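Contents: one structure, followed by commentary.
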Amino acid sequence: MFSVLAASVVAALLVASALPAEASVPAIGVPARLVYVSSQPQLGGDATVGGLLVMDISNTFAHVSPEGGTPAVSFAWTRDGAVIPGAIGTTYRATSADLGRVVAASVTITYDADSTTTVQASHPLRIAAAPRARGFNGDGTLDIFARDASGRLLLYPTDGRGNWQPTQVIGWGWNNFTLLVSPGDFDGDGTVDVLARDGQGRLFLYQGNGSGGWKKALQIGQGWQGFRELSAAGDFNGDGSNDILAVDNAGNLFLYPGNGRGGWLSSRWIGQGWQGMDSVGAGHFLAYSSVVTLSKSFWGDLQARTSNRNGYFEEYGVPGSYAGTIGWGWDSMARFGMAGDFNGDGDSDVYGIDRSGRLTMYLGDTSGFRQRGIAGFRWKGSPTVGWGWGGFTAVF
């Protein structure tokens, strides 16, 4: 019995000695640990060329099991699935290269080489053309258009810090037009444009040149005399092009989607009962990806309506349904509008002109919106920033 065991041991030793040295003792690695997160990051912000996109990770917490160690965290942004070089933070400012493309973001959490996970932020966004708020003269700051009684079109530019720059005359003979609106970049060339309707119902596109002047004017429609109001909705249907909302004399609301080249896609009816409202497009007024329309009711409430860029209002497009009221007493205003950020704090502002011609700037504050929704919206202040504005026949 002993001899058999001894022979077995010797045979085993001979076999072991024939194995390569590196294979004689199996390596024992550190087992991968499970990494998981509490929730997806949220992608939001101003999804337009020049706008700031934000990946919100405030409610995203990482855990690892078994516990131990502090994770390394990194961020990445993609354009139509391709990594955007240098975009490695929680914010990203969209460029002209992003126009019409889908921008997404992700966060990677790494505890060690074998314990890592990547989480995509929810709601990737298609980047729309530059909005009205980018301004007309190429500096990216708020500008206001005004037409005087003689038909001159004036530009009131700002420095982006709450101060007016010298007024410029940018056109003559504009008293032939019965409706004026700036849709932002309507033809896809990166500059802010103006739409003008004449007394015959013809609609013209005045192409901005990006430096406070014009390229050329093109007729892009006719039969528009049936509309009493046009407003610049921004990219209302999410295809990357700026659109127009139009209200007819019966109070019907229509969406006229731009095709991104200075023309139109098929229009459609999206609401009714708007004959008692004065409305303006406000773009990404609430500092997240939905676009906003502000409406002044006949009793003076300033109401916000939102669209998540699917071609419809989240509040169904009826006057009795809206996201919330952000002001009262606006029946004292002869005109109001939204043209961008007046004081440079990152929030969009609203201007109002009362019947004495006083221009007041209402400074928006969206800091409470994320926690409390529209009920958290506030005004930082309402300084008087101009007088004598009652003599203008159009302000937009």
Among [x] 25, 50, 23, 2; [y] 22, 56, 22, 1; [z] 25, 48, 14, 6, 5, 2, 0, which is the computed P(r) over Cα pairs in 20 Å bins from 0, in percent? [z]
In the Gaussian network model of the chain, springs joining C-alpha atoms below 10 Å, which of 230, 195, 154 carries the largest mean-square fluctuation? 154
Grab the beta carbon distance between residue 228 and residue 97, set R0 = 35 Å, and tell me the FRET efficiency rounded to 0.05. 0.35
If amide hydrogens are placed 1.01 Å from N in the peptide plane, which non-local residues have theirs closer than 5 Å to the one on residue 148? 154, 393
Amide H proximity to residue 221 below 5 Å, modelled H, separation 5+ or other chain, gives 203
Using θ = phi - 60° and the Karplus relation 6.51 cos²θ - 1.76 cosθ + 1.60, list the HN-Hα couplings for segment 142-153 in order, rounded to whole Hz, with x at every Gly or Pro. 4, 10, 10, 8, 9, 10, 8, 5, 8, x, 6, 9
Once the piece of chain linking residue 198 and residue 312 is laid out straight, how much longer is it, given 0.36 nm per residue of separation minus the C-alpha distance between them? 38.2 nm
Write down the radius of gyration of segment 83-143 and its Dmax, each obtained from C-alpha positions, in Å. 16.1, 54
Sorted from largest down, what three extents in whole angstroms do the Cα atoms of segment 277-396 have along their principal axes? 39, 30, 22
In percent, how large is the relative contact order of the chain, given Cα pairs closer than 8 Å and 6 or more residues apart? 11 percent
Would you mind checking the radius of gyration and Dmax of segment 184-312 based on alpha-carbon positions, in Å? 14.5, 42
Rank 375, 105, 113 by mean-square fluctuation in a GNM of the chain with C-alpha springs under 10 angstrom and give only the top-ranked residue. 113
Determine ³J(HN,Hα), in whole Hz, for all residues of segment 157-169 in sequence, where each value follows from phi through the Karplus function 6.51 cos²θ - 1.76 cosθ + 1.60 and θ = phi - 60°; x replaces Gly and Pro. x, 10, 9, x, 10, x, 10, 7, 9, x, 5, 10, 8
Rg and Dmax of segment 137-205, Cα atoms, in Å? 13.0, 41
Once amide hydrogens are built 1.01 Å from N within the peptide plane, the residues lying 5 or more places from residue 288 or on another chain with amide H under 5 Å from its amide H are 45
At a Cα cut-off below 26 Å, give the lysines reachable from residue 296, other chains included and same-chain residues fewer than 8 away excluded. 380
Compute for segment 168-219: radius of gyration divided by Kirkwood radius, i.e. Rg/Rh, restricted to C-alpha atoms, rounded to two decimals. 0.95
In segment 77-95, which residues have a backbone nitrogen under 19 Å from the label point lying 7 Å from residue 118's Cα in the Cα-to-Cβ direction? 77-92
The whole-number value in µm²/s of the Stokes-Einstein translational diffusion coefficient for segment 331-390, with Rh from the Kirkwood sum over alpha carbon pairs at 4 °C and 1.567 mPa s, is 107 µm²/s
Whole-Hz couplings from phi, Karplus 6.51/-1.76/1.60, listed for segment 237-242; x for Gly and Pro: 10, x, 9, x, 10, 6
With a cap of 14 neighbouring Cβ atoms within 10 Å, and only residues DSSP puts in a loop, list the chymotrypsin sites (Phe, Trp or Tyr not before Pro) found in segment 277-319. 298, 299, 316
For segment 256-333, count all C-alpha to C-alpha pairs, find those more than 15 Å apart, and express that count as a whole percent of the total. 59 percent
Let me check I've understood the local charge: for residue 58, count other residues with C-beta under 15 angstrom from its C-beta, Lys and Arg +1, Asp and Glu -1. What total comes out? +1
The answer for the net charge of residues other than residue 175 whose Cβ lies under 15 angstrom from its Cβ, with Lys and Arg +1 and Asp and Glu -1, is +1
Please give the contour-minus-distance gain from residue 249 to residue 108: 0.36 nm per residue of separation, less the Cα-Cα distance, rounded to one decimal in nm. 45.4 nm
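Readers should treat all values here as calculations from the given coordinates under stated rules, not as data from a laboratory. Keep in mind it's a predicted model, so treat the numbers as computed, not measured. Because the Cβ atoms are built from the backbone with ideal geometry, glycine has one as well, and the counts that use them run over all protein chains shown.
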